[in-house]
Amino acid sequence: LCDTEAHYSEWSVTQKVWLRDHFASEQESRACFGQPLHVGDPSAIVIARKDAWAQLDAWYDNWRDGRNVYVITGEEGDGKTWTVASWMHERLESNENFPPVVFVPSFSASSNDPHALISSAVESVLGRSPNGLWERRLDQWMHRPEGNEPVLMLILDGINQHNDSRWWRKLLESLQSKPWRSRVAVVVTSRTGFWNDNFARLRSISHVSYLLPPYDDDELSLALTRHGLDAAGFDAAFLELLRKPRYLDMAVKHRDRIEEAGDFTPARLVYEDMLDKYQRKTGMPLSDVDFRDII
């Protein structure tokens with residue numbers, strides 16, 4: 001028993017350090033999570049989504065009562081992953097007793113069996129072990145006495161992006177059974193339509209959900225200020241687009257180039273977003289001419 005607790009404590013510390021290190025670097029987070037999630041980088045501009053954070057706080061603080069899956073839905077570019085990652089980083093920094101977090105982007109979900117999925121994630125941090133050592137230790141951790149706090153938190157990020165709904169349903173329903181439900185706190189991010197169409201009405205998945213909206217007035221004002229922008233410099237239609245965090249980031253990233261072309265319009269911003277998505281998907285840089293040929 002003492003060995004089991006020692007191994008769990010060792011993994012918990014290692015997992016938290018590993019996550020902090022990857023949240024501290026844009027390069028490391030992009031390589032690991034498939035997107036820049038450098039929420040722990042002092043130079044990164046992180047806009048606190050206070051209502052979403054408050055809802056996550058309430059869910060976690062009362063997790064023991066319902067042990068529900070927490071689902072954040074929204075449209076692409078609304079900042080679902082950043083909201084969860086930034087909240088989680090704040091919790092890890094402010095609460096030394098916060099459980100270890102296993103963060104699984106959908107593209108790296110290796111199995112829809114909880115045991116295999118979590119074991120693989122543990123192994124990716126601690127290194128390969130002979131004779132299924134981490135699988136056996138996970139079994140031990142999952143048979144610790146039930147408590148008010150989870151043994152670990154599992155983040156399933158962007159489930160609409162990879163695998164079909166049946167694949168994810170098997171995983172989520174398995175996490176509702178013993179020993180997982182009473183020891184693993186689960187957070188899911190998904191596009192609204194995907195979740196509502198496939199999971200929202202299932203009684204087999206006990207959950208609470210939160211629809212993440214675009215920036216409100218205060219969040220938009222703060223984001224513009226931190227990026228050195230002035231709302232007075234944009235017309236109403238363009239400003240409305242900037243409420244979506246991804247569009248605001250695109251406007252900041254490409255502002256100089258777009259202004260030089262004299263085409264700083266909503267249509268141009270959407271075009272730049274499409275180009276950026278295509279380049280990230282293919283891993284190939286493209287000129288405007290090449291991308292227009294593709295279109």
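The values are calculated or read from the model by the stated rules, or taken from the named source; none is laboratory data. These numbers come from a predicted model, not from an experiment. Counting neighbours? That spans all protein chains shown, and the Cβs are built from the backbone with ideal geometry, glycine included. Surface areas here come from the heavy atoms of the whole protein model, side chains and all, with no ligands, DNA or RNA. Shrake-Rupley method; radii C 1.70, N 1.55, O 1.52, S 1.80 Å.
Remarks
- Residues considered: Lys80, Lys170, Lys277. Largest GNM mean-square fluctuation over the chain, using C-alpha springs under 10 Å, is found at Lys277.
- Solution diffusion estimate, µm²/s, Stokes-Einstein, the stretch 59-151, Kirkwood Rh from C-alpha pairs, 37 °C, viscosity 0.692 mPa s: 213
- In plain terms, the C-alpha convex hull of the stretch 178-224 casts an average shadow of 5.0 nm² when viewed from every direction.
- His162-Glu96 FRET efficiency (beta carbon distance; Förster radius 45 Å; 0.05 resolution): 0.85
- Relative frequency of Cα-Cα separations exceeding 15 Å in the stretch 98-143, percent: 43
- For Leu222 and Gln140, a Förster radius of 45 Å and the Cβ-Cβ distance give a FRET efficiency of 0.45, rounded to the nearest 0.05.
- For the chain, built as a Gaussian network whose Cα springs stay under 10 Å, the top-fluctuating residue of Asp157, Asp51, Asp276: Asp276
- Relative contact order computed over the stretch 1-95 (Cα-Cα under 8 Å; 6+ residues apart), in percent: 24
- Long-range HN-HN contacts of Leu211 with modeled amide H, under 5 Å: Thr73
- The stretch 162-216 and the stretch 71-136 have Cα centres spaced 15 Å apart.
- Note on the chain: GNM, Cα springs under 10 Å; of Leu242, Leu92, Leu202, the largest mean-square fluctuation is that of Leu202.
- Where the Cα pairs of the chain fall when distances are cut into 5 Å bins, in %: 1, 5, 11, 15, 17, 16, 13, 9, 6, 4, 2, 1, 0, 0
- A cut-off under 14 angstrom between Cβ atoms defines the neighbours of Arg183, and their net charge, with Lys, Arg +1 and Asp, Glu -1, is +3.
- Additional length obtainable on full extension of the chain from Lys50 to Asp113, 0.36 nm per residue less Cα span: 19.3 nm
- Against the compact-protein benchmark of 2.2 N^0.38 Å, the Cα-based radius of gyration of the stretch 161-242 scales to 1.62.
- For the chain, the fraction of 1.4 Å probe accessible surface lying on carbon and sulfur atoms is 48 percent.
- Rg/Rh ratio calculated on Cα atoms of the stretch 153-295 (Kirkwood radius): 1.08
- A Cα-only calculation for the stretch 1-144 places Rg and Dmax at 15.9, 46 Å.
- A cut-off under 13 angstrom between Cβ atoms defines the neighbours of Ala200, and their net charge, with Lys, Arg +1 and Asp, Glu -1, is +3.
- Entries of Lys244/Lys277; Lys16/Lys281; Lys16/Lys170 with Cα pairs more than 26 Å apart: Lys16/Lys281; Lys16/Lys170
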